Amino acid sequence: MQARTIKALSDQDIADLRAGKGMSLALPAELHGYPGPSHVLELAEPLKLSEQQRRQTQTLHTQMQEEARAAGEALITAETALDTLFKNRQIDARLLSEATSQSAMAQGRLRETHLRYHLQMMDVLTDEQVELYGRLRGY
(Lines give C-alpha, C1' and ligand atoms only; values in the text may rest on other atoms or scores of the structure.)
Protein backbone atom coordinates (compact mmCIF):
# COMPACT_ATOMS: atom_id res chain seq x y z
CA MET A 1 0.00 0.00 0.00
CA GLN A 2 2.94 2.31 0.62
CA ALA A 3 3.73 2.36 -3.11
CA ARG A 4 0.20 3.28 -4.19
CA THR A 5 -0.28 6.61 -5.90
CA ILE A 6 -3.45 7.15 -3.86
CA LYS A 7 -3.08 5.25 -0.61
CA ALA A 8 -6.82 4.50 -0.19
CA LEU A 9 -7.23 3.14 -3.74
CA SER A 10 -5.43 0.23 -5.36
CA ASP A 11 -4.43 0.35 -9.01
CA GLN A 12 -7.30 -2.08 -9.65
CA ASP A 13 -9.75 0.22 -7.82
CA ILE A 14 -8.63 3.14 -9.98
CA ALA A 15 -8.92 1.09 -13.17
CA ASP A 16 -12.40 -0.11 -12.17
CA LEU A 17 -13.54 3.42 -11.34
CA ARG A 18 -12.26 4.69 -14.68
CA ALA A 19 -13.99 1.82 -16.47
CA GLY A 20 -17.33 2.58 -14.80
CA LYS A 21 -17.50 -0.81 -13.08
CA GLY A 22 -19.99 -1.41 -10.29
CA MET A 23 -17.51 -2.60 -7.67
CA SER A 24 -20.40 -4.11 -5.66
CA LEU A 25 -21.89 -0.65 -5.07
CA ALA A 26 -25.31 -1.81 -6.27
CA LEU A 27 -25.56 -4.91 -4.08
CA PRO A 28 -28.68 -3.66 -2.24
CA ALA A 29 -30.48 -3.52 -5.58
CA GLU A 30 -28.94 -6.64 -7.09
CA LEU A 31 -29.60 -8.88 -4.11
CA HIS A 32 -33.15 -7.64 -3.67
CA GLY A 33 -34.23 -8.44 -7.20
CA TYR A 34 -33.37 -5.33 -9.20
CA PRO A 35 -31.28 -6.47 -12.20
CA GLY A 36 -28.42 -4.38 -13.49
CA PRO A 37 -27.97 -3.49 -17.16
CA SER A 38 -24.53 -5.10 -17.44
CA HIS A 39 -25.67 -8.50 -16.25
CA VAL A 40 -28.93 -8.28 -18.20
CA LEU A 41 -26.90 -7.83 -21.39
CA GLU A 42 -24.73 -10.81 -20.42
CA LEU A 43 -27.89 -12.89 -19.92
CA ALA A 44 -29.81 -11.55 -22.92
CA GLU A 45 -30.25 -14.97 -24.55
CA PRO A 46 -31.59 -16.95 -21.58
CA LEU A 47 -33.74 -13.96 -20.58
CA LYS A 48 -35.13 -13.93 -24.14
CA LEU A 49 -34.89 -10.18 -24.43
CA SER A 50 -36.87 -8.70 -27.26
CA GLU A 51 -35.02 -6.47 -29.71
CA GLN A 52 -36.61 -3.43 -28.05
CA GLN A 53 -35.51 -4.64 -24.59
CA ARG A 54 -31.97 -5.17 -25.88
CA ARG A 55 -31.87 -1.64 -27.28
CA GLN A 56 -33.29 -0.14 -24.09
CA THR A 57 -30.87 -2.11 -21.93
CA GLN A 58 -27.91 -1.17 -24.11
CA THR A 59 -28.91 2.49 -23.95
CA LEU A 60 -29.21 2.34 -20.16
CA HIS A 61 -25.88 0.51 -19.91
CA THR A 62 -24.13 3.12 -22.06
CA GLN A 63 -25.61 5.98 -20.03
CA MET A 64 -24.70 4.23 -16.77
CA GLN A 65 -21.11 3.72 -17.92
CA GLU A 66 -20.73 7.37 -18.91
CA GLU A 67 -22.13 8.62 -15.61
CA ALA A 68 -20.18 6.06 -13.58
CA ARG A 69 -16.91 6.98 -15.28
CA ALA A 70 -17.45 10.66 -14.52
CA ALA A 71 -18.43 9.88 -10.92
CA GLY A 72 -15.43 7.56 -10.62
CA GLU A 73 -13.09 10.32 -11.79
CA ALA A 74 -14.64 12.65 -9.21
CA LEU A 75 -13.95 10.07 -6.50
CA ILE A 76 -10.37 9.61 -7.69
CA THR A 77 -9.90 13.39 -7.61
CA ALA A 78 -11.36 13.65 -4.11
CA GLU A 79 -9.20 10.81 -2.80
CA THR A 80 -6.13 12.33 -4.45
CA ALA A 81 -6.81 15.64 -2.71
CA LEU A 82 -7.21 13.93 0.67
CA ASP A 83 -4.09 11.87 0.13
CA THR A 84 -2.10 14.94 -0.90
CA LEU A 85 -3.13 16.84 2.23
CA PHE A 86 -1.69 14.08 4.38
CA LYS A 87 1.36 13.55 2.15
CA ASN A 88 2.28 17.23 2.29
CA ARG A 89 1.43 17.49 5.99
CA GLN A 90 -1.07 20.27 5.24
CA ILE A 91 -4.03 18.59 6.93
CA ASP A 92 -5.93 20.12 9.83
CA ALA A 93 -9.38 19.48 11.26
CA ARG A 94 -11.16 21.85 8.86
CA LEU A 95 -9.43 20.50 5.75
CA LEU A 96 -9.99 16.94 6.93
CA SER A 97 -13.70 17.60 7.25
CA GLU A 98 -13.88 19.24 3.82
CA ALA A 99 -11.81 16.58 2.07
CA THR A 100 -13.62 13.62 3.58
CA SER A 101 -16.98 15.24 2.82
CA GLN A 102 -15.95 15.67 -0.83
CA SER A 103 -14.87 12.04 -1.02
CA ALA A 104 -18.06 10.83 0.64
CA MET A 105 -20.21 12.89 -1.72
CA ALA A 106 -18.34 11.53 -4.73
CA GLN A 107 -18.73 7.96 -3.45
CA GLY A 108 -22.43 8.59 -2.87
CA ARG A 109 -22.95 9.95 -6.38
CA LEU A 110 -21.17 6.94 -7.83
CA ARG A 111 -23.26 4.51 -5.81
CA GLU A 112 -26.49 6.34 -6.63
CA THR A 113 -25.62 6.13 -10.32
CA HIS A 114 -25.30 2.36 -10.25
CA LEU A 115 -28.38 1.87 -8.07
CA ARG A 116 -30.52 4.16 -10.25
CA TYR A 117 -29.85 2.07 -13.34
CA HIS A 118 -30.82 -1.12 -11.51
CA LEU A 119 -34.07 0.61 -10.65
CA GLN A 120 -34.62 1.70 -14.25
CA MET A 121 -34.21 -1.88 -15.49
CA MET A 122 -37.46 -2.73 -13.73
CA ASP A 123 -39.27 -0.71 -16.41
CA VAL A 124 -37.58 -2.72 -19.18
CA LEU A 125 -38.00 -6.31 -18.00
CA THR A 126 -41.13 -8.30 -17.35
CA ASP A 127 -41.78 -9.74 -13.89
CA GLU A 128 -40.99 -13.18 -15.29
CA GLN A 129 -37.64 -11.98 -16.65
CA VAL A 130 -36.76 -10.40 -13.32
CA GLU A 131 -37.51 -13.67 -11.57
CA LEU A 132 -35.50 -15.67 -14.12
CA TYR A 133 -32.62 -13.19 -13.81
CA GLY A 134 -32.44 -13.89 -10.09
CA ARG A 135 -32.34 -17.63 -10.68
CA LEU A 136 -29.70 -17.30 -13.41
CA ARG A 137 -27.56 -15.17 -11.09
CA GLY A 138 -27.94 -17.74 -8.32
CA TYR A 139 -30.06 -15.76 -5.89
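The values are calculated or read from the model by the stated rules, or taken from the named source; none is laboratory data. This one's a predicted model, so the numbers in the text were calculated from it and none came from an experiment. All Cβ positions, glycine included, derive from the backbone under ideal geometry; neighbour counts span all protein chains shown.
Run down Gly33, Gly22 and say which single residue is touching a His at 6+ places or on another chain (Cβ under 6 Å) and in a loop (DSSP other than H, G, I, E, B). Even if it seems obvious, please write down each step before you answer.
Numbers: Gly33 fails: touching a His at 6+ places or on another chain (Cβ under 6 Å).
That would be Gly22, the only listed residue that is touching a His at 6+ places or on another chain (Cβ under 6 Å) and in a loop (DSSP other than H, G, I, E, B).
Is segment 62-74 home to any residue that is assigned to a loop (DSSP other than H, G, I, E, B), more than 20 Å from Leu9 (Cβ to Cβ) and out of contact with any Asp or Glu (no Cβ under 7 Å at 6 or more places or on another chain)?
We begin by selecting, within segment 62-74, every residue assigned to a loop (DSSP other than H, G, I, E, B); these are none.
Among the residues of segment 62-74, not one is assigned to a loop (DSSP other than H, G, I, E, B), more than 20 Å from Leu9 (Cβ to Cβ) and out of contact with any Asp or Glu (no Cβ under 7 Å at 6 or more places or on another chain), which makes the answer no.
Each row is one residue, and each column tells you yes or no for (1) polar (S, T, N, Q); (2) touching a residue at least 24 places away in the same chain (Cβ under 8 Å).
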residue: His32; (1), (2): no, no
residue: Val40; (1), (2): no, yes
residue: Ala44; (1), (2): no, no
residue: Gln52; (1), (2): yes, no
residue: Gln58; (1), (2): yes, no
residue: Thr62; (1), (2): yes, no
Checked segment 5-18 for anything touching a helix residue (DSSP H, G or I) at 6+ places or on another chain (Cβ under 7 Å) and either loosely packed, with under 13 Cβ neighbours inside 10 Å or part of a loop (DSSP other than H, G, I, E, B) (or both); matches are Lys7, Ala8
Scanning segment 41-61 for residues that are in a helix (DSSP H, G or I) and surrounded by 17 or more Cβ atoms within 10 Å (Cβ to Cβ) gives Leu47, Gln53, Gln56, Thr57, Leu60, His61
Practice task
Return yes or no: is Arg111 at pLDDT 95 or above and closer than 30 Å to Asp123 by Cβ?
Solution key: yes
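Report, by residue number, each residue of segment 116-126 that is in a loop (DSSP other than H, G, I, E, B) and touching a residue at least 40 places away in the same chain (Cβ under 8 Å).
Going through segment 116-126, the residues in a loop (DSSP other than H, G, I, E, B) turn out to be 122-126.
Hits for segment 116-126 are Met122, Val124, Leu125.
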Among residues of segment 81-115 being farther than 24 Å from Gln2 by Cα, of a type in the set (D, E, K, R) and touching a residue at least 24 places away in the same chain (Cβ under 8 Å), the residue surrounded by the fewest Cβ atoms within 10 Å (Cβ to Cβ) is Arg109
Checked segment 116-135 for anything under 24 Å from Glu66 (Cα atoms) and surrounded by fewer than 21 Cβ atoms within 10 Å (Cβ to Cβ); matches are Arg116, Leu119, Gln120, Met122, Asp123, Leu125
Checked Ser38, Ser24 against criteria (surrounded by fewer than 17 Cβ atoms within 10 Å (Cβ to Cβ) and not β-branched (Val, Ile, Thr)); the one match is Ser24
